[in-house]
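The values are calculated or read from the model by the stated rules, or taken from the named source; none is laboratory data. The structure presented is a predicted model; accordingly, all values stated were derived computationally and were not measured. As a convention, Cβ positions derive from the backbone with ideal geometry for all residues, glycine included, and neighbour counts pool all protein chains shown.
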Amino acid sequence: MHKLLLLSLIASSVLLGTETELEKITVESTKVDDLDGSKVRSADLAEALVREVPSVSMIRRSAVSNDVTIRGQKRDNINVTIDGARVCGACPNRMDPPISHVLTNNIDSIEVLQGPYDVTQFGTLGGGLNIHTKEPSRNFGGAIDLSVGSWNQRKAAATLTGGNEFVRLLVSASAEGANQYVDGNGDTLAEQIDAYAAKNPTAAMYKLQDPNQDAYTKKSLMSKAEIDLSATQRIKLGATFNVSSDILYPTSPMDAIKDDSTIYTAAYELEDLGSISELLELSAYHSHVWHPMSNAYRISSKKSGKVFSNELNTRMEGFAFKNATRLSEEALLTLGADYSVRMWDGNYKSDGMIVGRSISETETAQIGLFAKMEHEYRNFNLRYGVRFDSATVSPDAYARPQGIMAKLDPWQENDYSAITANLQADYAFEGGFKLFGGIGRGYRVPDARELYILNQPITTAGDPNMGKQLQTGTPDLEATTNHQADLGVKYSHNSGALSLKTFYNMLSDYIYYNATKVGAHKFENIDATIYGVEASLSQELIGGLSAQLGAAWQRGQKDEALAGQNDKDLADIPPLKGRAALVYDYAPQSFARVELLASDAWSAYDSDNGEQRIDAYGVVNLKLDHRFDNGLGIALGIDNLFDETYALSNTYKDLILISGNPDADIIMMNEPGRYYNLNLSMHF
């Protein structure tokens, strides 16, 4: 039923056309903007992106701070920058993905990269997110957003900006929290664990005194400054501080006690240097994430009498140089170089005492050179680029534990280098048709988790293996390479447009987790393919009424099944999903919307590595957003109107998720049930 519904959405798109917004779509990216407080219910960027871009899917880990996939690419295969700064999470279990370190109320726009088409960034394998936060303005102004919702969800955010022709400043602050949400069965996050444990006993259940505690609290402060040194020179400075506390991750054995991050950015821009340069940019950044997680709220800590934790830090620093030269009216050449270094380390602790390393103090350093050319003609555009990278991943031998740890395989240093390149073109025909396509090659190096991560030390008293750890990581992994081809068509007319895309990825040395392996070195290199199609559209109908439709489908396959396994399906490849909406723009900047989000069942999934069948679903959401002439706004929303019980994300074992009996399925996390939200805003 749901598959027929989604296929009908795609068929309808061909007949109707699509929204004018899709003019922002190219072969390599889609732009998302206007994520103000009335359009998103929380700080979680993942939830916002899933609704805006058909090819984006979410991996649900918590009530907030969730992860995304883009066309089936995930984790380190997706490159994330925030105002040019590369940000990585510290948690090896993806409790704090990079996008969790920017809040939606601070975002101006997002470029969703769909393929290896950005030579200006290191490690763009299969896509990415270039996130741009709000910029200071010369004019004094600001905004205040207040939001309340089901399960005691509350959010307050404020932005203030102003300046003159020489200096512009912006300050934005927010605070947010919520109780545990309730799924369609009426279960809180803790009660979902209880329901699972009734059939599959697990010590990861929450303590009796804790099941009604908040699901999370988050606070942020962002400040930015722009200083004009002259008519052609400016300096841009930025600082962002995020403080998160007690984020519950019910399907993992631990919760995040803290998840704090700092991001600093600085840039110098020089324009109009004649034939030498149209724009020269020098930039630098520093980011740091601190992520201690523990079982303090779980029965496991009560039974053992000790709190077991994993405290992790990751730091990134880098700088870049870019120079754009106008070779002719139609041709723009950009040359650049960048350097970055990432430090990542972690310690297992028992009642605050270090009992073992989780990740060695690993340094990943890279230097890259790139060039790209853009030719823009009246109805034909051509873009191509090339990049060279050299990278070294080094574990710190001096920090390596002794004794039993000395028996592990040598923690070798790894050197990687590669040349990546791409070619893209689009041609506009008469009548509103545009054809576009591209081919590209991208790569990314293994991270410290995949190379060197250690499992938790055995702490059971009397166990003959007491204190032992195994190196789950595989220290001799190769870098992953992606060869990709894209082809698409766009049709635009006065009241809408249509965009259809197809893509094919050939992945060499794709880094994959083998759950069948006993003991160490569970990550390995494989060859695989990911391919798919997607469509986005809307059409103005009559009297302010418009229809919006979108759908995406991907399929991922290993070239050969892993050793000891039979399943050739890749993990974390979502099935056919779509969105259909009717929007009534009844006044300037005011609208009413009814929306259907639907997905087919998971019929292709990696059962050998822990994935399970997920049922199809369809949920209906309602939204009313009204803006008054004086800047006041009010928004009312109901998500999951019919209180459906459903799940989005699967249970691939490269994440540590709760399991009970040895033969039992891993716990599946349900999405929120019916949710009410009220947002009040004032723009001035």
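Scanning the stretch 492-510 for residues that are more than 17 Å from Ile70 (Cβ to Cβ), touching a helix residue (DSSP H, G or I) at 6+ places or on another chain (Cβ under 9 Å) and either among the aliphatic types (A, V, I, L, M) or in a strand (DSSP E or B) (or both) turns up Ser492, Gly496, Ala497, Leu498, Leu500.
In the set Asn79, Asn106, which member is among the polar types (S, T, N, Q), at pLDDT below 95, closer than 18 Å to Ser283 by Cβ and touching a Lys or Arg at 6+ places or on another chain (Cβ under 8 Å)? Walk me through it before giving the result.
Details: Asn106 fails: closer than 18 Å to Ser283 by Cβ.
Only one candidate qualifies: Asn79.
Scanning the stretch 338-364 for residues that are at pLDDT 95 or above and surrounded by fewer than 17 Cβ atoms within 10 Å (Cβ to Cβ), we see that the one that is nearest to Asn310 (Cα to Cα) is Val341.
Residue check: Ser546 meets all listed conditions (1) outside any loop (DSSP other than H, G, I, E, B); (2) over 27 Å from Leu622 (Cβ atoms); (3) small (Gly, Ala, Ser) but one, namely (2). Report, ordered by the first and then the second residue, all pairs with beta carbons closer than 6 Å, sequence separation of six or more or different chains, a first member in the stretch 364-377 that is closer than 21 Å to Asp447 by Cα, and a second member that is not in a strand (DSSP E or B). Final answer for the pair search is Gln366/Phe122; Gly368/Phe122. Contact map, the stretch 273-295: first residue within 17 Å of Asp246 (Cβ to Cβ), second residue charged (D, E, K, R) and surrounded by fewer than 20 Cβ atoms within 10 Å (Cβ to Cβ), Cβ cut-off under 6 Å, separation 6 or more or different chains; pairs are Trp290/Asp260; Pro292/Lys258.
Are any residues in the stretch 160-181 under 23 Å from Ser137 (Cα atoms), crowded, with 21+ Cβ neighbours inside 10 Å and of a type outside the set (Gly, Ala, Ser), and if so, which ones?
Step one: of the stretch 160-181, the residues under 23 Å from Ser137 (Cα atoms) are 160-174.
Within this subset, residues satisfying the condition of being crowded, with 21+ Cβ neighbours inside 10 Å are 168, 170, 172, 174.
Scanning the stretch 160-181 gives Arg168, Leu170.
Listed conditions (1) in contact with a Lys or Arg (Cβ under 6 Å, 6 or more places away or on another chain); (2) of a type outside the set (Ser, Thr, Tyr); (3) buried (at least 21 other Cβ atoms within 10 Å of the Cβ) are all met by Ile131, apart from (1).
Considering the conditions (1) closer than 30 Å to Gln612 by Cβ; (2) among the acidic types (Asp, Glu); (3) loosely packed, with under 15 Cβ neighbours inside 10 Å; (4) modelled with pLDDT of 90 or more, Asp629 is excluded by exactly one of them, (1).
Matching residues to (1) surrounded by fewer than 20 Cβ atoms within 10 Å (Cβ to Cβ); (2) in a strand (DSSP E or B); (3) at pLDDT below 95:
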position	(1), (2), (3)
Gly532	no, yes, no
Glu540	yes, yes, yes
Gly550	no, yes, yes
Trp553	no, yes, no
Gln557	yes, yes, no
Glu560	yes, no, no
Ile573	no, no, no
Leu582	yes, yes, no
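Rundown of residues vs (1) touching a Pro at 6+ places or on another chain (Cβ under 9 Å); (2) closer than 28 Å to Ala90 by Cβ; (3) among the hydroxyl-bearing types (Ser, Thr, Tyr); (4) assigned to a strand (DSSP E or B), yes/no style:
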residue: Asn185; (1), (2), (3), (4): no, no, no, no
residue: Ile193; (1), (2), (3), (4): yes, yes, no, no
residue: Asn200; (1), (2), (3), (4): no, no, no, no
residue: Lys218; (1), (2), (3), (4): no, yes, no, yes
residue: Leu221; (1), (2), (3), (4): no, yes, no, yes
residue: Ala231; (1), (2), (3), (4): no, no, no, no
residue: Tyr249; (1), (2), (3), (4): no, yes, yes, no
residue: Ile257; (1), (2), (3), (4): yes, yes, no, yes
residue: Ala266; (1), (2), (3), (4): no, yes, no, yes
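In the stretch 306-338, the qualifying residues are those that are out of contact with any His (no Cβ under 8 Å at 6 or more places or on another chain), touching a residue at least 24 places away in the same chain (Cβ under 8 Å) and in a loop (DSSP other than H, G, I, E, B), and the one that is nearest to Gly123 (Cα to Cα) is Val307. Quick check on this structure: which one of Ala604, Ala587, Ala635, Ala592 is closer than 30 Å to Glu540 by Cβ, small (Gly, Ala, Ser), in contact (Cβ under 8 Å) with a residue 40 or more places away in the chain and touching a Leu at 6+ places or on another chain (Cβ under 9 Å)? Going through Ala604, Ala587, Ala635, Ala592 in turn, just one is closer than 30 Å to Glu540 by Cβ, small (Gly, Ala, Ser), in contact (Cβ under 8 Å) with a residue 40 or more places away in the chain and touching a Leu at 6+ places or on another chain (Cβ under 9 Å): Ala635. Taking the residues in the stretch 240-267 that are free of Cβ contacts under 8 Å to residues at least 40 places away in the same chain and touching a Leu at 6+ places or on another chain (Cβ under 7 Å) as candidates, determine which candidate is surrounded by the fewest Cβ atoms within 10 Å (Cβ to Cβ). Here the answer is Phe241. Pairs only if they're at least six apart or on different chains, beta carbon under 7 angstrom, first in the stretch 410-439 and assigned to a loop (DSSP other than H, G, I, E, B), second hydrophobic (A, V, I, L, M, F, W, C) and exposed (fewer than 14 other Cβ atoms within 10 Å of the Cβ); list them, first residue then second. Note: pairs meeting the criteria are Trp411/Ala397. A single member of Leu270, Leu221, Leu237, Leu208 is more than 24 Å from Ile82 (Cβ to Cβ) and either buried (at least 20 other Cβ atoms within 10 Å of the Cβ) or not hydroxyl-bearing (Ser, Thr, Tyr) (or both), and it is Leu208.
For the stretch 35-67, the candidate set comprises residues that are polar (S, T, N, Q) and farther than 30 Å from Pro253 by Cβ; within that set, the residue that is modelled with the highest pLDDT is Ser55. Being among the aliphatic types (A, V, I, L, M), touching a residue at least 60 places away in the same chain (Cβ under 8 Å) and touching a strand residue (DSSP E or B) at 6+ places or on another chain (Cβ under 8 Å) is a description that applies to Ala580.
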